[in-house]
Amino acid sequence: MKNALFRFLSAFIRPTGHSPNFLFPMKYVLLVSYLLVTFLAHGQSASVARSDTGRINGAYYHIDIPANWNRKLVMYAHGYETIGTPSASMKATLKSAAQPYLSGGFAVARSAYRRQGWAVAEGVDDTETLRQHFVKTYGKPDSTFIVGHSMGGMITLATIEKYPEHYQGAMPMCPVSAHLYQALQSHMFSMLVTFDALFPNAYSLAKLAAGEARPTPPLEIAKRLRTDSTTAKLFAARYSLRYRDLPGVISFFQEIYRDLSQQAGGNPFDNTNSLYSGFPDDTFINRKVVRMAATPKAQSFMGPYSTFSGRISDPVLLMHTTYDQLIPQENAAAYDFTTRQAGTAQWFVMKFTNGPGHCAFSPAQTTSAFTQLRKWAATGKKPAPGEIE
């Protein structure tokens, strides 16, 4: 089943007729994050007794209650949705993302959030509003868990910190769990400016920030890489990436940067005092890299959910893959240090899988992790950290 899953995704995410070294259109890059969990455990579809859809404060939502409802609830937080993605795609994603939990008898509620793009704050608020709607409409569940992929994993962490009284546990999958602003600057923004130094004129960060340009597509980035494949492979290695993933990552990071800059009202990052290393010629990179000062007040636009406090009182099981082309392991695993500093390490455990990319968890791995989280919440016995096979 697992091999069939990845064969399907390989066909879906790569354009027909193109080399397998080219990544998929970035319009759908993080739909994969939550489509990876839509294949049902053992290929079976859960029987849904009742579905509820609608809008609350402008945010589309979808609720499913299975025929064998166990009076328990999962709140699901989806990942980054590229601005302009058709609403039908998100509605289909929200519907299918529920299956691993419905199969276990859980009701599942998920919000599309009131805006596309970077929406951590909106995701936290809209998910809580939907939870309240569920309780008012269907009664208070016996227990409630929150789970989410990628940006939805960040929403999951922020939610379990802000609303611990409403949940029995949380399962953030493949999130950035470090300080969000610092993580984005140290990885995404650094990659963009150093790539620009090595392959100039592939894009303009200034025009992206001003909304005067759109991201360069992966196929165009791939053409630039072929002009100096040796340098391109060294660049990919510097950021622990597979060479074939580089075009899609660079294109997608442009989209994220463009979105964040538009929300912030200008460039939110500042590398005027940054020093770059790990390249064949660090002096060259630091001489050539574009230096950009942050637009005044833009750095603070992420609001109250840009940092995690680690103050948790419910079990939190975080999952990450050993290879993730979008989120480095150190940014995913940072929550361990945060909880240790907060004195709450007894409520946190990190699990990893051998998935070959961002949020590439098999249905069996997802089910196993969620089962361990439920058992922890029920018995108080913390699962051991380590691999989920």
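The values are calculated or read from the model by the stated rules, or taken from the named source; none is laboratory data. Remember, it's a predicted structure, so these values are computed and weren't measured experimentally. Ideal geometry is used to build each Cβ from the backbone, glycine not excepted, and the neighbour counts take in all protein chains shown. The accessibility values were calculated without ligands, DNA or RNA, using every heavy atom of the protein model including side chains. Shrake-Rupley method; radii C 1.70, N 1.55, O 1.52, S 1.80 Å.
Brief remarks on what is shown
- Filter pass, ALA197 being closer than 30 Å to ASN273 by Cβ, touching a residue at least 24 places away in the same chain (Cβ under 8 Å) and surrounded by fewer than 19 Cβ atoms within 10 Å (Cβ to Cβ): yes
- The residue that is surrounded by the fewest Cβ atoms within 10 Å (Cβ to Cβ), among those in region 291-324 that are of a type in the set (A, V, I, L, M, F, W, C) and in a loop (DSSP other than H, G, I, E, B), is ALA293.
- No other residue among LEU208, LEU225 is buried (at least 19 other Cβ atoms within 10 Å of the Cβ), touching a residue at least 24 places away in the same chain (Cβ under 8 Å), in contact with a Lys or Arg (Cβ under 6 Å, 6 or more places away or on another chain) and more than 20 Å from ASN286 (Cβ to Cβ) apart from LEU208.
- Members of region 259-278 that are over 25 Å from the mean Cα position of the chain (by Cα) and either surrounded by fewer than 15 Cβ atoms within 10 Å (Cβ to Cβ) or over 12 Å from VAL193 (Cβ atoms) (or both): THR272, ASN273, LEU275, SER277, GLY278
- Counted residues, region 89-105 - those being within 26 Å of LEU373 (Cβ to Cβ), at pLDDT below 85 and open to solvent by 50 Å² or more (accessible area, probe 1.4 Å): 1
- Any hit, region 167-187, residues being hydroxyl-bearing (Ser, Thr, Tyr), touching a strand residue (DSSP E or B) at 6+ places or on another chain (Cβ under 7 Å) and open to solvent by less than 20 Å² (accessible area, probe 1.4 Å): yes
- Checked against the criteria, ASP282 counts as surrounded by fewer than 15 Cβ atoms within 10 Å (Cβ to Cβ), modelled with pLDDT of 95 or more and either aliphatic (A, V, I, L, M) or more than 21 Å from the chain's Cα centre (by Cα) (or both).
Conditions (1) at pLDDT below 95; (2) within 23 Å of the chain's Cα centre (by Cα); (3) among the aliphatic types (A, V, I, L, M), marked per residue:
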residue	(1), (2), (3)
GLU128	no, yes, no
LYS136	no, no, no
THR144	no, yes, no
MET171	no, yes, yes
SER177	no, yes, no
LYS207	no, no, no
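- No other residue among THR283, THR367, THR371 is closer than 30 Å to PRO247 by Cα, out of contact with any His (no Cβ under 6 Å at 6 or more places or on another chain) and of a type in the set (Ser, Thr, Tyr) apart from THR283.
- Where MET350 falls short, out of the listed (1) among the hydrophobic types (A, V, I, L, M, F, W, C); (2) outside any helix (DSSP H, G or I); (3) within 20 Å of the chain's Cα centre (by Cα); (4) farther than 19 Å from SER313 by Cβ: (4)
- For region 247-258, filtering for residues that are open to solvent by less than 10 Å² (accessible area, probe 1.4 Å) and without any contact (Cβ under 8 Å) to a residue 60 or more places away in the chain leaves 1.
- Options ALA364, ALA384, ALA377, ALA360: the member that is small (Gly, Ala, Ser), in a loop (DSSP other than H, G, I, E, B) and open to solvent by 20 Å² or more (accessible area, probe 1.4 Å): ALA384
- Single residue of region 331-347 satisfying the filter (assigned to a helix (DSSP H, G or I) and among the hydrophobic types (A, V, I, L, M, F, W, C)) that is most open to solvent (accessible area, probe 1.4 Å): PHE337
- Check on ALA232, under 26 Å from the mean Cα position of the chain (by Cα), at negative phi and small (Gly, Ala, Ser): yes
- Residues in region 123-165 that are part of a loop (DSSP other than H, G, I, E, B) and not hydroxyl-bearing (Ser, Thr, Tyr): 4 in all.
- Residue match in region 73-88 (condition: open to solvent by 70 Å² or more (accessible area, probe 1.4 Å) and at pLDDT 95 or above): no
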